[in-house]
Every structure is written in C-alpha cells, then in structure tokens.
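The values are calculated or read from the model by the stated rules, or taken from the named source; none is laboratory data. Predicted, not measured: the structure shown is a model, and the values here were computed from it. Cβ placement follows ideal geometry from the backbone for every residue including glycine, while neighbour counts extend to all protein chains displayed.
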Amino acid sequence: MRDPYTVLGVAKTADLAEIKKAYRKLAKKFHPDQSKDPKAKDKFAEVSAAYEILGDEAKRGQFDRGEIDAEGKPRFQGFEGFGAGAGPGGFTRRSPGGGFEQYEFRTGPGGGGFDAGDLFSELFGAARRGGAGAQGRASPPRGEDVAAQISVNLREAVHGGKSRVTLPTGRTLEVTVPAGIEDGQAIRLKGQGHASAYGGEAGDALVTVKIARHPYFRVDNRDLRLDLPLTLYEAVLGAKVNVPTLDGKVELTVPAGSNGGRTLRLRGKGLPNPGGTPGDLLVTLRIVLPEGADPDLTALAEKWQKQRPYDPRQDFA
C-alpha cells in the first residue's frame, strides 16, 4: 500500500481536522454507490485504510516512528529488540531495562482508535446503533435511496387507486395511491432502493405523485379552481348557474353587477381531506361576449363610451 499521507494528499504536519476533511472528500468521491469510476471500490478501500492509520493518533505516531507500515503491520518482526509473541492486534519490543513493552493498535470501541462506522454514519447517514451483538458499533451503511414519479388523474387522487412505476434500479412495481393524496406528495417504498455495497439495509424508493391536468379543474393544495364562462347579461343582471363539482353539478348564485375575474367560493366542494376539513371550490367568473358582431351591443358600447366613460385602470401607477 502507498504512503497514507500520499493517499489522502495531506502533509505530514497536517492536524487531525485536515486529515478528516481530506478523507471525507475522497470517501465521498470514491464511494462505490456514488462513483462511476471502475476502480472506485479499490480506491475507496485504499483511502479508508490510510485514514485508519492517520485518523488514530496512536497509530499515526507508530507509523511516523517506523514501528508499523502503511498497512498497520509491525515492522522488523523477528529481529533483535522485538518479540513475535505479542497479543492480538499488537507487538512487543525490548525495553531499555531488559524487559518487554507491549504495544497495541486497536480500532473501534474501547481502543481509543479509528472507528470507520462512526465516520460512515456522518458521511452517509447510516447511524443505526444498538443490539447486543453490535456492542454499540454502527451498522454497515445502508443503500442509496432512489426517486421516481407517477402521474394520476384527479379521480384517482380523490378516491385512491393503483399505479405502476419503473424505478431507476430497473424494477417495475405497483404502487398503492392512498385516497386524498396531494399533488407533489411522496410515497415511500421501504427497501426498494439500491442495495448496500457493505451488507447493510437496502435504500428506499421515494415516488412523487403528480396529479394530471384536468379539463377544467385546477388543483391548489386541497382547493379546486374553476374558470366559469358567464354571459354579459348574467354578469350585469345576476343569475343562477349550474357549476360542475366532484360530486356532480350544484347551483351557484352570481350577484348582479359581477365583474369578470371575481371569485366565488363553494365551501367543502374541493378535494376531500381524510384527516380534516375538505377543500373548497373557487369559481372565477370569466365574461364571454357572443360570437360575431352584434349591432345593438356595439351601439350600446358606443353610447356608454360617449355618455358614461369610466377608467377601470385608474389605480395603475
């Protein structure tokens, strides 16, 4: 293995914060779940091994003094001054007084050393601790989540239904769309994301639901909006007109003298809400003139222009 300082691209005088920053950058760059580099797995392993040495003050000191090599193995085993009888994870050397001193280099809890699980938790959000067998160590990093999108019509959004989605993993699944779902709301499919390269849990699939455009209703959170065509005489004189809703037509009273653009509210006629009050239907009046020229209407307009002129744009700066 190469010199760990070279692998991480840091100077021998670098402090722990600089070393940790360099490792994080390289670990993200070469993580097998994120990198397209065909050698990413090997590079990631090399970077992790380098940090295992330099991220532990005791092991870094041993490496700088030449007591261990770049792989963390003791140097000069079997030569005078060193013994081969050290316990697991350590080595011994002869002390000036004639005895032997034992050196241990450990990773993980209780060793005061590098714990890759902790750093994985910071980098990839995989901190899942606990369990008697785990002894408090972090679980392997989970797989990456994936995102997908489905389109449903307004009826399916209101009443619920089934829809098929093809995930970035190539898998096609049937998704249950709950009744009353909102536009832009996501459905989480547990364990349907990418597999973990380290034996952890698979990631999830997040499927965003988009409500397809309706011929005349527009979705506004839980409210519905509708443009209602109105004749000139209905706007001037007032009228009762039938308006479509999700439950069928209802009668709407248009006050006399209503302007185009005025919005009337039909309460409770919007999208249903399983957990509370349903939305409303907001009806915006749109005055529509008759097709073709009408001499009487033209004469009336000319008369008003001369005798009763007014400026509806007077408030504009």
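Residue by residue, here is whether (1) exposed (fewer than 13 other Cβ atoms within 10 Å of the Cβ); (2) assigned by TED's automatic domain parsing to the domain that holds residue 180; (3) more than 30 Å from residue 164 (Cβ to Cβ); (4) β-branched (Val, Ile, Thr) holds:
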| site | (1), (2), (3), (4) |
| --- | --- |
| 238 | no, no, yes, no |
| 248 | yes, no, yes, no |
| 257 | yes, no, yes, no |
| 262 | no, no, yes, no |
| 277 | yes, no, yes, yes |
| 282 | no, no, yes, no |
| 289 | yes, no, yes, no |
| 299 | yes, no, yes, no |
| 315 | yes, no, yes, no |
Open item on the list: What are the pairs with Cβ atoms under 6 angstrom where one residue, in the stretch 174-197, is surrounded by 14 or more Cβ atoms within 10 Å (Cβ to Cβ) and the other, located anywhere, is assigned to a loop (DSSP other than H, G, I, E, B) and of a type in the set (A, V, I, L, M)? Sequence gap at least six, or different chains.
Closed with: 193/202; 195/202
Open item on the list: I'd like to verify a number: residues in the stretch 5-52 that are of a type outside the set (S, T, N, Q) and more than 30 Å from residue 195 (Cβ to Cβ), how many?
Closed with: 11
- [ ] Would you check which residues across the stretch 45-75 are part of a helix (DSSP H, G or I) and β-branched (Val, Ile, Thr) and list them?
- [x] 47, 53
Task: Selection count where residues are within 29 Å of residue 221 (Cα to Cα) and in contact with an Asp or Glu (Cβ under 6 Å, 6 or more places away or on another chain), scope the stretch 190-205 - done: 3
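Out of the residues in the stretch 16-30 that are buried (at least 16 other Cβ atoms within 10 Å of the Cβ) and small (Gly, Ala, Ser), which is farthest from residue 62 (Cα to Cα)?
Pass one, the stretch 16-30, residues buried (at least 16 other Cβ atoms within 10 Å of the Cβ): 19-20, 22-23, 26-27, 30.
This time we only want the ones that are small (Gly, Ala, Ser), so: 22, 27.
Working: 22: 21, 27: 24 Å.
So the residue we want is 27.
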TODO: Report the residue count in the stretch 137-160 for those that are farther than 19 Å from residue 216 by Cβ and of a type in the set (D, E, K, R).
DONE: 4
TODO: Scan the stretch 197-245 for residues that are closer than 30 Å to residue 181 by Cβ, hydroxyl-bearing (Ser, Thr, Tyr) and outside any strand (DSSP E or B) and jot them down.
DONE: 216, 245
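Name the residues in the stretch 32-44 that are touching a residue at least 40 places away in the same chain (Cβ under 8 Å), part of a loop (DSSP other than H, G, I, E, B) and out of contact with any Asp or Glu (no Cβ under 9 Å at 6 or more places or on another chain), would you? Lay out the reasoning, then the answer.
As a first pass, look at the stretch 32-44 and keep what is touching a residue at least 40 places away in the same chain (Cβ under 8 Å): 32-34, 41.
With part of a loop (DSSP other than H, G, I, E, B) added as a condition, the list becomes 32-34.
Answer for the stretch 32-44, where residues must be touching a residue at least 40 places away in the same chain (Cβ under 8 Å), part of a loop (DSSP other than H, G, I, E, B) and out of contact with any Asp or Glu (no Cβ under 9 Å at 6 or more places or on another chain): just 32.
On the basis of being of a type outside the set (Asp, Glu) and at pLDDT 90 or above, does residue 284 make the cut?
Values: of a type outside the set (Asp, Glu): yes; at pLDDT 90 or above: yes.
Yes: the conditions hold for residue 284.
For the stretch 193-209, state whether one or more residues are among the hydroxyl-bearing types (Ser, Thr, Tyr) and modelled with pLDDT of 90 or more.
So the first thing to find is which residues in the stretch 193-209 are among the hydroxyl-bearing types (Ser, Thr, Tyr), and the list is 196, 198, 208.
With the extra rule that they be modelled with pLDDT of 90 or more, the set shrinks to 208.
For the stretch 193-209, residues among the hydroxyl-bearing types (Ser, Thr, Tyr) and modelled with pLDDT of 90 or more: present.
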TODO: Report yes if some residue within the stretch 2-15 is touching a residue at least 40 places away in the same chain (Cβ under 8 Å), surrounded by 17 or more Cβ atoms within 10 Å (Cβ to Cβ) and of a type in the set (D, E, K, R); otherwise report no.
DONE: no
- [ ] Would you please list the contacts, defined by Cβ atoms under 6 Å and residues six or more apart or on different chains, that run from a residue in the stretch 146-168 that is free of Cβ contacts under 8 Å to residues at least 40 places away in the same chain to a residue that is part of a helix (DSSP H, G or I)?
- [x] none
